[in-house]
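Trainee: To start, I am sharing the structure in question, which I have written as structure tokens.
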Amino acid sequence: MTTAQSTGPGVPATLAATWRTLTEATSRRTGSTLAALATVDPTGAPQVRSVILRACDPDRGTVAFATDVRSAKVHELRVEPRVAVTVYDDATGVQLRLAGRATVATDPEERRRRWAGFGAHTRRAYASPTPPGTPLAPDATTTAARVDEPDDAWFDRFAWVEVRVDAVDRLDVSADPQERVLLTRDGDAWTGGPVTP
Ligand SMILES: Cc1cc2nc3c(=O)[nH]c(=O)nc-3n(C[C@H](O)[C@H](O)[C@H](O)COP(=O)(O)O)c2cc1C
């Protein structure tokens with residue numbers, strides 16, 4: 001974990017708690033697995049949608065999700081890589097607001113490795129020959145999945161997006177009084193501390 005140079009009251013403990021939450025959320029389904037991902041579109045308007053957090057790397061300070069390379073969010077983050085990610089787990093009362101920069105993985109080995117970890121249901125999300133958001137024919141209710149297509153066509157549509165987290169805002173509403181800690185990263189060093197909730 002990137003705690004070596006961390007300073008400030010509550011910084012190491014908040015970092016540890018944050019990456020513990022994210023590690024659990026990406027190892028099994030928890031209240032923090034489903035995240036809200038915010039981007040900015042080319043007009044400057046905010047866009048937000050749900051994504052499943054699929055991996056995190058506490059050492060590098062990253063979280064990752066899978067998506068369709070043709071989706072609006074990918075177009076948006078290629079233009080403006082700064083994104084925000086929020087999770088809230090009702091079971092613990094902890095909200096994490098993460099800010100960082102998103103990149104679309106290009107390493108073929110990494111993409112293959114991530115794809116290999118997906119089940120059939122997840123892979124089928126990439127079966128549509130038309131990009132997400134394409135209007136359907138008037139009589140169609142859903143896109144016909146091209147199950148006859150080679151798996152490679154589906155794989156080509158899949159994007160693995162990694163967010164390098166640069167800021168953490170952790171709010172614990174289960175505490176009385178509530179506790180909020182803000183952290184920012186400069187290189188591998190995190191600084192910050194408690195703030196008024
Ligand atoms: C429970 C749930 C989980 C979802 N998980 C993902 C996901 O992991 N990746 C993804 O691209 N979209 C996911 N979606 C769909 C997105 O919220 C969104 O509708 C879609 O990706 C299109 O977004 P965009 O047009 O902003 O790119 C999920 C939706 C729900 C309701």
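The values are calculated or read from the model by the stated rules, or taken from the named source; none is laboratory data. Predicted model only: the values in this text are computed from it and were never measured. A quick note on method: Cβ atoms are made from the backbone with ideal geometry, for glycine too, and the neighbour counts reach across all protein chains shown.
Trainee: Go through (1) surrounded by fewer than 16 Cβ atoms within 10 Å (Cβ to Cβ); (2) farther than 26 Å from Gly31 by Cβ and name the single condition Val74 misses.
Mentor: Against the list (1) surrounded by fewer than 16 Cβ atoms within 10 Å (Cβ to Cβ); (2) farther than 26 Å from Gly31 by Cβ, Val74 comes up short only on (1).
Trainee: With respect to the numbered conditions (1) among the polar types (S, T, N, Q); (2) over 13 Å from Arg170 (Cβ atoms); (3) surrounded by fewer than 17 Cβ atoms within 10 Å (Cβ to Cβ), which one is the sole condition not fulfilled by Thr86?
Mentor: (2)
Trainee: Quick one: is Thr18 surrounded by 18 or more Cβ atoms within 10 Å (Cβ to Cβ), more than 14 Å from the ligand (Cβ to nearest atom) and modelled with pLDDT of 95 or more?
Mentor: Yes: the conditions hold for Thr18.
Trainee: Same structure again: I'm trying to understand the selection: among the residues of the stretch 29-55, which are in contact with a Phe, Trp or Tyr (Cβ under 8 Å, 6 or more places away or on another chain) and either within 9 Å of the ligand (Cβ to nearest atom) or polar (S, T, N, Q) (or both)?
Mentor: Ser32, Ala35, Leu37, Val51, Ile52, Leu53, Arg54
Trainee: Considering Thr7, Thr39, Thr23, which residue is assigned to a helix (DSSP H, G or I) and touching a residue at least 12 places away in the same chain (Cβ under 8 Å)?
Mentor: Thr23
Trainee: Still on this model: Which number in (1) of a type in the set (S, T, N, Q); (2) away from the ligand (no atom under 15 Å from the Cβ); (3) assigned to a loop (DSSP other than H, G, I, E, B) marks the one condition that Thr103 misses?
Mentor: Exception for Thr103: condition (3).
Trainee: From (1) within 14 Å of the ligand (Cβ to nearest atom); (2) free of Cβ contacts under 8 Å to residues at least 60 places away in the same chain, pick out the condition that doesn't hold for Val69.
Mentor: All conditions are met except number (2).
Trainee: More than 22 Å from Trp190 (Cα to Cα), more than 10 Å from the ligand (Cβ to nearest atom) and either surrounded by 18 or more Cβ atoms within 10 Å (Cβ to Cβ) or over 11 Å from the mean Cα position of the chain (by Cα) (or both): is that true of Pro58 in this structure?
Mentor: no
Trainee: From the list Val161, Val173, Val165, pick out the single residue that is β-branched (Val, Ile, Thr), out of contact with any His (no Cβ under 7 Å at 6 or more places or on another chain) and within 16 Å of the ligand (Cβ to nearest atom).
Mentor: Val161
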